[in-house]
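Read the structure below first, then the notes.
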Amino acid sequence: MTLDPSPSQTVGPFFAFGLPFDGGGDLVPPGTAGAISLHGTVRDGAGAPVPDALLEFWQAGPDGRIPSRAGSLARDGRSFTGFARVPTDRSGDYTVRTLRPGPIAHSPEAPHLAVTVFARGLLHHLFTRVYFPNHVEANAADPLLSALPEERAATLMAVPDGWFGGPGYRFDVRLQGPGETVFLDLIGGSE
C-alpha cells in the first residue's frame, strides 16, 4: 500500500491551546491613569475577518524605556509590562489596554508598538508597527514612515476613536489585498 506524502508543515491555528493567557491584552492594569485602548479587526485578502489570529505587541513605556523585568506573562496588577498577547475573537476583533509609547532615547524612530501577527495559512509570522497620530514631528522624521508613500504609511497609523468611552485607537490589520497593512522583513531573505 502506498500512502500520499504528508505536508511538511501543519498550519494550525492551534494558538488557543497554550499561547493566550489571562490578562494577555493588559499591558497595564484596569484603571491605570493615562491608559488607552487599542482595538481592531484582522482581515484576510478577501476582507473577511480572521477569527483565529494571534497578535503580540511589544513597546516602550511613556518614558521611552523598554521594560526589562522578567516575567512579562505574569501580571502583578501594578506594573507596565511592555508586552501583550491577544487572540482575535469570532469576529476577528482584538483589544489591548496600554499606555502611549514615548520616544526611545537616541533612536530616529517615532514612538510605536511592534506587532507580530500569527494566523492560519501563514507559514511565517508577520511583523508590523502601530504609530500614533499625536507624534506629528517624530512620525514625519521616522525612517520607515518617511520611506513609504502616504497611502501605505497610513496602514501603520492608529486612528483615534474614543472606544469604551475613554481614549482609544483603532488599528486594523489587513493581511493582503486592497489596503494591505505594511509588513516588515525582519528576518531577511524570507519570501
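Computed from the coordinates by the stated procedures, all read-outs in this text should not be read as laboratory data. No experiment lies behind these values; they were computed from the predicted model shown. Ideal geometry is used to build each Cβ from the backbone, glycine not excepted, and the neighbour counts take in all protein chains shown.
Data overview
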quantity: 5 angstrom amide H check on Asp172, placed H, neighbours 5+ away; calculated: Thr41
quantity: Vicinal HN-Hα couplings computed from phi for segment 36-43 (Karplus, 6.51 cos²θ - 1.76 cosθ + 1.60; Hz; Gly/Pro x); calculated: 10, 9, 10, 9, x, 10, 9, 10
quantity: Val50 long-range amide H proximity, modeled H, under 5 Å; calculated: Val42, Arg43, Asp44
quantity: Amide H contacts of Gly64 (H built 1.01 Å from N, under 5 Å, at least 5 apart or other chain); calculated: Gly102
quantity: Label-to-label distance, nm, for residues given as Asp161 and Asp89 (7 Å Cα→Cβ offset); calculated: 1.3
